Structures are given as C-alpha cells and as structure tokens.
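The block underneath contains the structure these notes are about, expressed in structure tokens.
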Amino acid sequence: MLDIQTTDLEGVLLITPKRFADARGFFSETFNAERFRRAGVADKFVQDNQSYSRLAGTVRGLHYQAPPRGQAKLVRVLKGAIIDVAVDARKNSPTYGRHVRARLSAENGAQLFVPCGFLHGFATLEADTEVAYKVSDFYSADHDGAVLWNDPALAIDWGIDPDKAVLSEKDAGAVSFANFNSPF
C-alpha cells in the first residue's frame, strides 16, 4: 500500500503510504520492511531521529556521514511542511552534483528515501515543524560532515528567502561543494 515514485537520481524515491481515513482521522502504515524491500530499499534501519524546528525558514543540511558509517535515510514530516533535498555525492555517478527536492508535509504524508552516497537537507516552510527519519547506521561524530546549503554551484531552490534562513553554526560554516572531497 505504497505509492512509490522514482526520481531523476537513481535510488532516491518519493514514497507515499496509503491513508485509511474515516470520521476519526486516518491510519497509515509508514514503514513495513517487507514492502520496502520489494520496492528496492534493502537498507536496514537502526535508529529513528526526530527534529523540531521552531521557526519557518530553518535549514538543516546539507549533511552526510562518511563511510564506513554512511547512512541511508527515510524522511517524513509529523507536523508542518518542508522542502527536502538530496544531492548526489557519488564521485563516479553520472548525476554527481545534481539534486532532487520534494515537498513533504504532515498533510500529504509523503516520505523521501535518500540512499547512502547523497547529501541531505531540508528547509522548514512552517513554524513548529517536526520531522522524523530513520537511518541505516548509528550517528558517528567522527564521520559527520556538511556542505554549504546555498552553494550557487548546486542551484537549489529551498522555497525560502535565503537571507532569512535560520542556520546552525555547523551549517553556516560548511564547505562549498567545490571544496567538498566526497568520500562516496
């Protein structure tokens, strides 16, 4: 009961679980290992993360974890809305440096699957946005990295005013894509 759409980047999938609605609200199976495996997602998720962003225009990313601690991610929104972005960081890929973006919201229930080898980030479109995501390896500070979210070479439309973006120190000081030595 999953609507699975491929994207312009091999391996990145837009997945929308079916919702069963009635007068009470809805029920949705957001993850089922067997169904995901049949859809081509072989990664085993080991950790669930949740982020809360108080302000619209909050940017988190572009993040990655280098091998051998690389992470695939399955991202969804619990409350609010985001523009979610995956950038191909696989050195020998014909789509290296290209990105896909998707609008994920609590309302549409869509999820983005981001395989290992991609940079990932999102910008909140609404205040009080909550994002949940599964990852395929545990967090490792020694393997953590970031690329500048608004690098002109990537030409990503984040759906927000870049001059009003709310950033962490890590994201504000991230390396440019040209200076990024991809570990993938």
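The values are calculated or read from the model by the stated rules, or taken from the named source; none is laboratory data. From a predicted model like this one, the values you see are computed outputs, not experimental measurements. For neighbour counting, all protein chains shown are included, and Cβ atoms are generated from backbone atoms with ideal geometry for every residue, glycine included.
Here are the numbers:
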read-out: All positions within segment 54-68 that are out of contact with any Leu (no Cβ under 6 Å at 6 or more places or on another chain), of a type in the set (A, V, I, L, M, F, W, C) and either crowded, with 22+ Cβ neighbours inside 10 Å or more than 21 Å from ASP163 (Cβ to Cβ) (or both); value: ALA66
read-out: Count of residues meeting criterion [touching a Phe, Trp or Tyr at 6+ places or on another chain (Cβ under 9 Å) and either in a loop (DSSP other than H, G, I, E, B) or at positive phi (or both)] in segment 99-139; value: 5
read-out: Lone qualifier among ALA86, ALA102, ALA66, ALA110 - being within 19 Å of PHE138 (Cβ to Cβ), at pLDDT 95 or above and of a type outside the set (Ser, Thr, Tyr); value: ALA66
read-out: Among residues of segment 83-99, those that are more than 16 Å from the chain's Cα centre (by Cα), closer than 13 Å to PHE177 by Cβ and not aromatic (Phe, Trp, Tyr), counted; value: 1
read-out: Qualifying residues in segment 69-99 (those that are touching a residue at least 60 places away in the same chain (Cβ under 8 Å) and under 21 Å from THR129 (Cα atoms)) - the one surrounded by the most Cβ atoms within 10 Å (Cβ to Cβ); value: ALA86
read-out: Any hit, segment 115-137, residues being closer than 20 Å to ALA42 by Cα, aromatic (Phe, Trp, Tyr) and in contact with a Leu (Cβ under 9 Å, 6 or more places away or on another chain); value: yes
read-out: Of the criteria (1) surrounded by fewer than 16 Cβ atoms within 10 Å (Cβ to Cβ); (2) farther than 28 Å from GLY40 by Cβ, which one ASP144 fails; value: (2)
read-out: Selection within segment 100-120 - crowded, with 21+ Cβ neighbours inside 10 Å and free of Cβ contacts under 8 Å to residues at least 60 places away in the same chain; value: LEU104, LEU119, HIS120
read-out: Subset tally (residues that are surrounded by 11 or more Cβ atoms within 10 Å (Cβ to Cβ), more than 17 Å from the chain's Cα centre (by Cα) and of a type in the set (D, E, K, R)) for segment 25-53; value: 4
